[in-house]
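Note sheet for the following structure.
The values are calculated or read from the model by the stated rules, or taken from the named source; none is laboratory data. Bear in mind the structure is a predicted one, so any value in this text is a computation, not a measurement. Note that we place each Cβ from the backbone using ideal geometry, even for glycine, and neighbour counts take in every protein chain shown.
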Number of protein chains: 2
Amino acid sequence: MQELSLLHTIFTRTKDGIGTFRNMIQPLIDHATDEHTKLYYHHISEEEEQRLERLDELIPYLEKLIKEGKLDQLSDRDLSRLLSDLHLERFGLHNFREHLELALYEFKEGDVREQLNTMREATQQDYLKIKDIMAEMAERFSDAVPNRIAQSYTQDHDHGHDVHQVDHFHASQQSTPAPSSSASSASIPAKKGLTVGSLKQK
Amino acid sequence: MQELSLLHTIFTRTKDGIGTFRNMIQPLIDHATDEHTKLYYHHISEEEEQRLERLDELIPYLEKLIKEGKLDQLSDRDLSRLLSDLHLERFGLHNFREHLELALYEFKEGDVREQLNTMREATQQDYLKIKDIMAEMAERFSDAVPNRIAQSYTQDHDHGHDVHQVDHFHASQQSTPAPSSSASSASIPAKKGLTVGSLKQK
């Protein structure tokens, strides 16, 4: 049951993180002077609210499983569903880390930035932990979980995006292309004067 | 079974929409000249990829239910789970509509903008339809679905955000605060010179 306790700790921590993060960005929504900025942060806040709603169901379910020591007695269907829920929340952590990274472009200094950086690092660690736990569970319950689904639970979802592995706020944003392992981004035409703005005209 | 056929149509349409939308924004990722823009669109594209993965499971499941005419024979647990999955995809449509709206700020003219507008309107209509279908299903299967959960399936998730009800691209973004029904946004200090930038210094 150790993995369930660890998952419970991770989800409880990120649930607190959602509250902290939404409070941080609420002033950006309340005081936005243009609609794009308002929609942008409102959208992010709402996605985290949806994640919170899911965690409010999942955390008590995990508590029940831990209390009753029932993981090994779950039916194949319930086990498959649990892994599916965990898979969704693994993506949830991944998306949260990116929401935190996007907000770091807004808060360029001060205490809020430090707190965002701390939460980003903790979220990344939790994301990596949940990946390991799911790989172990898929292996352990391989009889119950179809191989195709188990594979999707252990896939790395970070293809094409290594931005979290560098402190890109210390790098020159103008002269340095985003580091990336994706094939598509290998063709970034850096310094060619092609901007997002110029794309709009096409 | 009419509602299942309608849901199948909606999810098949939005699945196609995901492919179209991701192709539209891929150039913004490939040719981004700063990391913020790159992360921003990459993040949106990845969230839609996650939605696509879910729809790739849900659509065949709906096809199976339609073919076998099994909706009324589903166990309470399976029915509850189906409603939970539909609830998630209702949010998925809501989020997709906002992704389309955010992209409309990037594509300010031309064919892509027209296509985005068409998809945005279709997505909004599908979102409203799925809300109605879920309300009917929650009512019809009220014995199987706990009241608390059924209520959450019929809640409107648009609180505090009416931006989709206006064509804000025809309005002056500088002088007109975003229309909103939320209490919090009633306090927007329009024209007070308080910008997102000034908030960063606090």
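Values as computed for the structure displayed
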| read-out | value |
| --- | --- |
| Test for B:L86: is it in contact (Cβ under 8 Å) with a residue 12 or more places away in the chain and under 24 Å from A:T37 (Cα atoms) | no |
| Selection within region A:36-55 - more than 17 Å from the chain's Cα centre (by Cα) and surrounded by fewer than 21 Cβ atoms within 10 Å (Cβ to Cβ) | A:H36, A:T37 |
| Flag for B:E63 being free of Cβ contacts under 8 Å to residues at least 40 places away in the same chain and among the charged types (D, E, K, R) | no |
| Qualifying helices (runs of 4 or more DSSP H) (wholly inside region A:1-119; at least 3 residues being at the interface with chain B (Cβ under 9 Å from one of its Cβ atoms), touching an Asp or Glu at 6+ places or on another chain (Cβ under 7 Å) and under 19 Å from B:Y40 (Cα atoms)) | none |
| Verdict on A:V145 being of a type in the set (V, I, T) and modelled with pLDDT under 60 | no |
